[in-house]
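A short write-up of the structure that comes next.
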């Protein structure tokens with residue numbers, strides 16, 4: 001009978017579930033916003049994600065009790081401005097910073113733009 005792989009190696013080989021990727025994406029986007037990559041066009045470029053995904057992810061941050069607000073750029077018209085994280089709620093931004101490369105890898109997003 002062939003040896004069975006242990007549970008830890010099975011978890012490493014498993015793709016994240018939709019629930020996990022949704023959660024990871026929110027943490028990743030909140031981290032980018034907090035690092036100054038804080039407009040939809042900047043998120044699209046940095047994370048190589050579709051506009052709608054960036055917009056939907058920002059809108060869903062409140063579901064994690066992360067308070068994210070849009071700050072309108074003075075003197076600009078329409079939707080010019082950037083987002084900022086007002087309150088992280090129960091989320092520890094230090095944990096995200098320590099694990100951001102793992103989150104990016106799980107999502108298939110670039111980690112080259114990430115700094116600690």
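Some points to look at:
- The residues of region 24-39 that are over 8 Å from the mean Cα position of the chain (by Cα) and surrounded by 14 or more Cβ atoms within 10 Å (Cβ to Cβ), listed by number, are 33, 34, 35, 37, 38, 39.
- Scanning region 91-107 for residues that are over 20 Å from residue 16 (Cα atoms) and surrounded by fewer than 14 Cβ atoms within 10 Å (Cβ to Cβ) yields 92, 94.
- Residues in region 52-74 that are in a helix (DSSP H, G or I) and exposed (fewer than 13 other Cβ atoms within 10 Å of the Cβ): 52, 59, 62, 63.
- Selection of first residues in region 55-79 that are over 14 Å from residue 89 (Cα atoms) and of second residues that are at pLDDT below 80 and outside any strand (DSSP E or B), restricted to Cβ pairs under 6 Å at least 6 apart or on distinct chains, gives an empty result.
- Residue 83 meets the conditions (1) in contact with a helix residue (DSSP H, G or I) (Cβ under 7 Å, 6 or more places away or on another chain); (2) at pLDDT 95 or above; (3) assigned to a helix (DSSP H, G or I) in every case but one. The failed one is (3).
- Qualifying residue in region 75-83 (condition: surrounded by 11 or more Cβ atoms within 10 Å (Cβ to Cβ) and under 15 Å from residue 30 (Cβ atoms)): yes
- Test for residue 89: is it at pLDDT 95 or above, more than 16 Å from residue 25 (Cα to Cα) and either out of contact with any strand residue (DSSP E or B) (no Cβ under 7 Å at 6 or more places or on another chain) or not in a strand (DSSP E or B) (or both): yes
The values are calculated or read from the model by the stated rules, or taken from the named source; none is laboratory data. Please read all numbers here as calculations on a predicted model, not as lab measurements. Every residue, glycine as well, gets a Cβ built from its backbone with ideal geometry; the counts of neighbours run over all protein chains shown.
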